[in-house]
Amino acid sequence: MSTRISDAIVKDHRELEQYYKEVVNSTDLDHQERYGNQFTWELARHSVAEELIVYPAFEKHLGEKGHKMAEEDRTAHHQVKELLKEFQNMKPKDPNYVPKLKSLWAVLYEHIQDEEKNDLPAFEAALEKTTGTSESLAKNFGRTKAFVPSRSHPSAGENPPFESVMGLLTAPIDHIGDIFRKFPDKTISPNPSTK
Ligand SMILES: [Fe+2]
Ligand SMILES: [Fe+2]
């Protein structure tokens with residue numbers, strides 16, 4: 001069975017949770033730095049890909065209700081991106097490194113719960129009317145993650161097309177920067193073509 005869009009999103013959420021735990025449950029600075037970078041990389045790409053592919057589809061397939069869902073989600077994303085922008089520039093030796101990530105996670109976790117419990121079930125129910133739509137959205141979502149920025153740029157906004165296109169211009173710079181950042185071992189190295 002091919003992957004539905006909600007499966008692709010939930011998979012990302014579980015990965016984010018795993019990276020978060022690797023940082024907060026460790027006292028090894030090198031381990032924290034690698035997983036902190038991995039967390040930033042995954043969250044930045046996940047957020048922009050949802051804004052480009054998923055939220056416009058909420059509006060398309062769920063009308064007014066979808067618009068309301070998308071607007072609430074964009075607001076939550078903006079809040080998370082502001083916190084991520086601060087976190088991504090911190091080093092684990094900073095005493096605020098873990099507290100900052102914990103305060104980010106509190107906001108993000110509430111948003112993840114809302115997506116999984118409310119938005120995605122309603123969305124999949126609406127998509128059932130058109131065979132294959134959910135699966136093709138999942139493919140687009142995966143491809144989109146390969147070329148979007150991998151760092152947080154809250155000033156680029158959350159509404160496509162214009163703001164996110166502006167945001168996309170930062171992607172090559174982020175990707176070059178990633179070459180010089182430390183990540184976990186190569187099984188989950190940030191190679192978007194494997195995602
Ligand atoms: Fe989201
Ligand atoms: Fe999400």
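The values are calculated or read from the model by the stated rules, or taken from the named source; none is laboratory data. Here the structure is a predicted model, which means the values were calculated and not measured. Here the Cβ positions follow ideal geometry from the backbone for every residue, glycine too, while neighbour counts run over all protein chains shown.
For region 91-113, give me each residue that is closer than 18 Å to Asn37 by Cα and free of Cβ contacts under 8 Å to residues at least 12 places away in the same chain.
Residues satisfying the conditions are Asp94, Pro95, Asn96, Pro99.
Is it fair to say Glu22 is more than 13 Å from ligand 1 (Cβ to nearest atom), of a type in the set (Asp, Glu) and modelled with pLDDT of 95 or more?
Details: more than 13 Å from ligand 1 (Cβ to nearest atom): yes; of a type in the set (Asp, Glu): yes; modelled with pLDDT of 95 or more: yes.
Yes, satisfied.
Which is touching a Leu at 6+ places or on another chain (Cβ under 6 Å), under 19 Å from Val148 (Cα atoms), at pLDDT 95 or above and not aromatic (Phe, Trp, Tyr), of Ile5, Ile9?
Ile5
Say whether the condition of being within 13 Å of ligand 2 (Cβ to nearest atom), closer than 21 Å to Gln113 by Cα and among the aliphatic types (A, V, I, L, M) is met by at least one residue in region 16-35. Outline the logic, then answer.
So in region 16-35, the residues within 13 Å of ligand 2 (Cβ to nearest atom) come out as 16-17.
Now restrict to residues that are closer than 21 Å to Gln113 by Cα: 16-17.
So of that shortlist, the ones also among the aliphatic types (A, V, I, L, M) come out as 16.
Yes.
When you go through (1) within 17 Å of His111 (Cα to Cα); (2) within 12 Å of ligand 1 (Cβ to nearest atom) one by one for Ile53, which number turns out not to apply?
Going through the list (1) within 17 Å of His111 (Cα to Cα); (2) within 12 Å of ligand 1 (Cβ to nearest atom), Ile53 breaks only (1).
Scan region 8-19 for residues that are within 15 Å of ligand 1 (Cβ to nearest atom) and either within 23 Å of Ala57 (Cα to Cα) or surrounded by 18 or more Cβ atoms within 10 Å (Cβ to Cβ) (or both) and jot them down. Give the steps one after another, and end with the answer.
Step one: list which residues in region 8-19 are within 15 Å of ligand 1 (Cβ to nearest atom), which gives 8-17.
If the condition is that a residue be within 15 Å of ligand 1 (Cβ to nearest atom) and either within 23 Å of Ala57 (Cα to Cα) or surrounded by 18 or more Cβ atoms within 10 Å (Cβ to Cβ) (or both), then Ala8, Ile9, Val10, Lys11, Asp12, His13, Arg14, Leu16 are the ones that fit.
Where residues in region 89-130 are aliphatic (A, V, I, L, M), more than 24 Å from Thr3 (Cα to Cα) and within 16 Å of ligand 2 (Cβ to nearest atom), which of them is surrounded by the fewest Cβ atoms within 10 Å (Cβ to Cβ)? Walk me through how you get there before you give the answer.
First pass over region 89-130, keeping only residues aliphatic (A, V, I, L, M): 90, 98, 101, 104, 106-108, 112, 120, 122, 125-127.
Of the ones still in play, those that are also more than 24 Å from Thr3 (Cα to Cα) are 90, 98, 101, 104, 106-107.
Right, trim to within 16 Å of ligand 2 (Cβ to nearest atom) and you get 104, 106-107.
On the way: Leu104: 21, Ala106: 10, Val107: 15.
Checked region 89-130; the qualifying residue surrounded by the fewest Cβ atoms within 10 Å (Cβ to Cβ) is Ala106.
Could you list all residues from region 142-172 that are charged (D, E, K, R) and not in a helix (DSSP H, G or I)?
Result: Arg151, Glu158.
Of everything in region 49-79, what is within 28 Å of Asp94 (Cα to Cα), within 12 Å of ligand 2 (Cβ to nearest atom) and touching a residue at least 40 places away in the same chain (Cβ under 8 Å)? Give them in sequence order. Let's see the steps before the verdict.
To start, the set of residues in region 49-79 that are within 28 Å of Asp94 (Cα to Cα) comprises 76-79.
Filter once more, keeping what is within 12 Å of ligand 2 (Cβ to nearest atom): 76-77.
Answer for region 49-79, where residues must be within 28 Å of Asp94 (Cα to Cα), within 12 Å of ligand 2 (Cβ to nearest atom) and touching a residue at least 40 places away in the same chain (Cβ under 8 Å): just His77.
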